[in-house]
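One structure is given below, encoded as structure tokens.
The values are calculated or read from the model by the stated rules, or taken from the named source; none is laboratory data. Predicted, not measured: the structure shown is a model, and the values here were computed from it. Quick reminder, even Gly has a Cβ in these numbers, built from the backbone with ideal geometry, and neighbours come from all protein chains shown.
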Amino acid sequence: MPLFAESRPRNFRTAQQVQRDLAAVRAVLSVFSADAIQPGDCAGFGRGSLDRDVCFLRFGGVQAAVRSGKHDEVAWPAMAAQLETPMNAALISAPQDPSEQAHRAHRQAEVVAALSTVLPAHALLWQKEDTIPYECDGLTAYRAMPLVVALPESEGQVAATLKACHDLNVPVVARGAGTGLSGGAMPHPMGVTMSLAKFNRILKMDPVSRTAVVQCGVRNLAISEAAAPYGLYYAPDPSSQIACTIGGNVAENSGGVHCLKYGLTLHNVLRVRGFTVEGEPIEFGAEALDAPGLDLLSVVVGSEGMLAVMLEVTVKLVPKPRLARCIMASFDDIRKAGDAVAQVIAAGIIPAGLEMMDKPMTAAVEDYVHAGYDLNAEAILLCESDGTPEEVEEEIGRMVQVLRAGGATAITVSENEAQRLKFWSGRKNAFPASGRISPDYMCMDSTIPRKRLADILLAIQDMEKKYGLRCANVFHAGDGNLHPLILFDANDPDQLHRCELFGADILETSVAMGGTVTGEHGVGVEKLSSMCVQFSPAEREQMLAMKRAFDPTELLNPGKVIPSLVRCAEYGKMHVRKGLLPFPELPRF
Ligand SMILES: Cc1cc2nc3c(=O)[nH]c(=O)nc-3n(C[C@H](O)[C@H](O)[C@H](O)COP(=O)(O)OP(=O)(O)OC[C@H]3O[C@@H](n4cnc5c(N)ncnc54)[C@H](O)[C@@H]3O)c2cc1C
């Protein structure tokens, strides 16, 4: 039978590495005689295997693995032992590029030696079994092994680590909890990943000024927990709030259910303090509501670790509302549900949360958390009101009126706190619920004008047919911030490829509808190509100029967020929309 193997240059995968992958595949195939491969047998790669320098192949009953990369002698036998069959004997070391390996080993030794002078031994990791937990963030389809992981414990150590890396011209990738969904904290293969997990102290809680000063590694939810005794909380509430750090939130300008009413991270942060790429102290914003000079706070918030390493954040706290109630409204038509969202806002109401789930998503979460969702609805809306009991009663009444007029087929209003939390339990567990119905999912994140919600959801339904993959939708409808979850199996390279195309189509259709390629998850590596569609070369050059103003040597999180000219030219060559070439002035390669 014909057998196809493919390795594509993706992210940091060089042409040399692609050749190595293919050589490895050829080597393992040579172990099997042609007779052993029967028609109908399948060959496949393990999850993300090519990116992890190992591929697993299965022919009928037998299984083999081949290493195509740099597995050290400790990790490799453990991996080999995982094989189900006695075919371990077929393990082969494929031809490796000695010069590439030697260069990496030399560089690693150099960086470890330099950092050993500024960090204690336990704060420095470089053996593969120690650094593998850092190889990706929440976007697990893309991985890279860091050269070294640094875990500084004091500001002095952060400054010294940055300075040492700068002197050696080594890239640095800051990392919080690694829950990012766009690959922002994915390591640079020749760089230092700086984990800031140890900066986890709440330094000051001031109920009078309603502010808190916290270190960057403090978890989002921990701030609200610490503020609770004062009747206060930190409003931006990403669904990952139990794990994600405030440093990561600031770097991504994270949002959440409450952000429609209370604002994004940017609107809830007063001051950020940290270090430049050279290890010099830097500060943005002020404890006061306004700071003299240019507003660089709004530049650094959302800068995805490209401008500075942030160590301390002053956040605003808001009073906990006396009452919150939630409406669950069913719609028999996606268009009616989408339009109802726009109508609520147009009526002058800013709900404390306005979220939407489509039928596939509702089915997945209902099966998981039994929140009482209407399984016959094409879409359901969750609309929350908070404030004093009088305010809530008045706002709930007005929202019910608008939703009824918009064609809601059923409306339930929470009668008590337990019921309200039950309504939200489905929304908050949507991602894990998706993990139960598909081996993998990729969560996209774009924003469109609210009035186009129905249009994009219907367009996504067409894309499901086009790419042959299912998609479930759960999102911050009030903000027009979509989160389509494309369901796929990462063990199948073709499905991963179709998933990538599907995702890019969603992002670029959002732009065509007047929206943006990002919502709250950042650009990272995931949306690099789609940035070429949204921004002109001149705009991208301005972004680069801003980066260089802070980081002239481009060592902080390089290769992320701002696509290169070459990448966009290549991408432009592949994407011809409506017969028109984007950026026609660019040379094509
Ligand atoms: C189940 C799930 C649900 C999610 N829900 C939401 C949601 O509702 N809303 C939302 O906005 N996001 C959501 N996210 C995405 C993610 O949690 C956020 O982007 C979060 O802010 C990332 O924080 P982190 O500490 O994990 O950062 P990381 O993933 O470690 O890093 C993210 C980026 O920040 C940079 N960075 C981290 N710390 C620093 C620092 N101290 N200084 C400089 N740069 C730094 C990194 O270099 C990287 O570019 C979700 C993720 C998951 C897995």
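What to note about this one:
- Being more than 16 Å from Tyr467 (Cβ to Cβ) and either within 16 Å of the ligand (Cβ to nearest atom) or surrounded by fewer than 22 Cβ atoms within 10 Å (Cβ to Cβ) (or both) is a description that does not apply to Ala504.
- Residue check for Lys198: surrounded by fewer than 21 Cβ atoms within 10 Å (Cβ to Cβ), of a type outside the set (Gly, Ala, Ser) and either free of Cβ contacts under 8 Å to residues at least 24 places away in the same chain or closer than 25 Å to Arg107 by Cβ (or both): no
- Here the condition is being within 15 Å of the ligand (Cβ to nearest atom) and within 23 Å of Gln343 (Cα to Cα); of Leu528, Leu482, it holds for Leu482 alone.
- Any pair with Cβ under 8 angstrom, 6 or more apart, that starts in segment 375-404 at a residue that is more than 15 Å from Gln343 (Cβ to Cβ) and ends at one that is aromatic (Phe, Trp, Tyr) and part of a loop (DSSP other than H, G, I, E, B): Ile380/Tyr373
- Matching residues in segment 521-539 - criterion: being under 28 Å from Ala144 (Cα atoms), out of contact with any helix residue (DSSP H, G or I) (no Cβ under 7 Å at 6 or more places or on another chain) and of a type outside the set (A, V, I, L, M, F, W, C): Gly524, Glu526
- In segment 314-343, residue farthest from Asn481 (Cα to Cα) [restricted to those that are touching a Gly at 6+ places or on another chain (Cβ under 7 Å) and surrounded by 23 or more Cβ atoms within 10 Å (Cβ to Cβ)]: Phe331
- Residue check for Val277: within 30 Å of Met186 (Cα to Cα) and away from the ligand (no atom under 13 Å from the Cβ): no
- Residue match in segment 449-471 (condition: modelled with pLDDT of 90 or more, buried (at least 20 other Cβ atoms within 10 Å of the Cβ) and within 15 Å of the ligand (Cβ to nearest atom)): no
- Of all the criteria given as (1) closer than 27 Å to Tyr441 by Cα; (2) among the charged types (D, E, K, R); (3) part of a helix (DSSP H, G or I); (4) within 14 Å of the ligand (Cβ to nearest atom), the one not satisfied by Lys547 is (1).
- Residue match in segment 163-173 (condition: of a type in the set (Lys, Arg) and modelled with pLDDT under 95): no
- Considering only residues in segment 487-501 that are under 18 Å from Ser529 (Cα atoms) and in contact with a strand residue (DSSP E or B) (Cβ under 9 Å, 6 or more places away or on another chain), the one that is surrounded by the most Cβ atoms within 10 Å (Cβ to Cβ) turns out to be Cys499.
- Candidate set: segment 550-563, residues that are within 16 Å of the ligand (Cβ to nearest atom) and not hydrophobic (A, V, I, L, M, F, W, C); chosen: the one farthest from Ser529 (Cα to Cα): Asp551
- In segment 511-540, the residues that are among the basic types (Lys, Arg) reach residues that are more than 11 Å from the ligand (Cβ to nearest atom) with C-beta atoms within less than 7 angstrom, at least six apart or across chains, in these pairs: Lys527/Leu507; Lys527/Val517; Arg540/Ile562; Arg540/Pro563.
- Within the option set Gly387, Gly353, being touching a strand residue (DSSP E or B) at 6+ places or on another chain (Cβ under 9 Å), under 22 Å from Cys259 (Cβ atoms) and buried (at least 20 other Cβ atoms within 10 Å of the Cβ) holds for one residue only, Gly353.
- Qualifying positions in segment 221-238 - farther than 12 Å from Leu317 by Cα and either surrounded by fewer than 18 Cβ atoms within 10 Å (Cβ to Cβ) or without any contact (Cβ under 8 Å) to a residue 60 or more places away in the chain (or both): Leu221, Ala222, Pro229, Asp237
- Residue within segment 406-424 that is in contact with a strand residue (DSSP E or B) (Cβ under 9 Å, 6 or more places away or on another chain), assigned to a loop (DSSP other than H, G, I, E, B) and either among the charged types (D, E, K, R) or within 30 Å of Arg498 (Cβ to Cβ) (or both) present: yes
- Residue satisfying all of: in segment 285-313; more than 16 Å from the ligand (Cβ to nearest atom) and under 22 Å from Ser224 (Cβ atoms); surrounded by the most Cβ atoms within 10 Å (Cβ to Cβ) among these: Glu287
- Residue within segment 356-373 that is buried (at least 18 other Cβ atoms within 10 Å of the Cβ) and more than 16 Å from Gly426 (Cβ to Cβ) present: no
- If only residues of segment 507-521 that are closer than 24 Å to Asn249 by Cα and touching an Asp or Glu at 6+ places or on another chain (Cβ under 9 Å) are counted, the one that is nearest to the ligand (Cβ to nearest atom) is Glu520.
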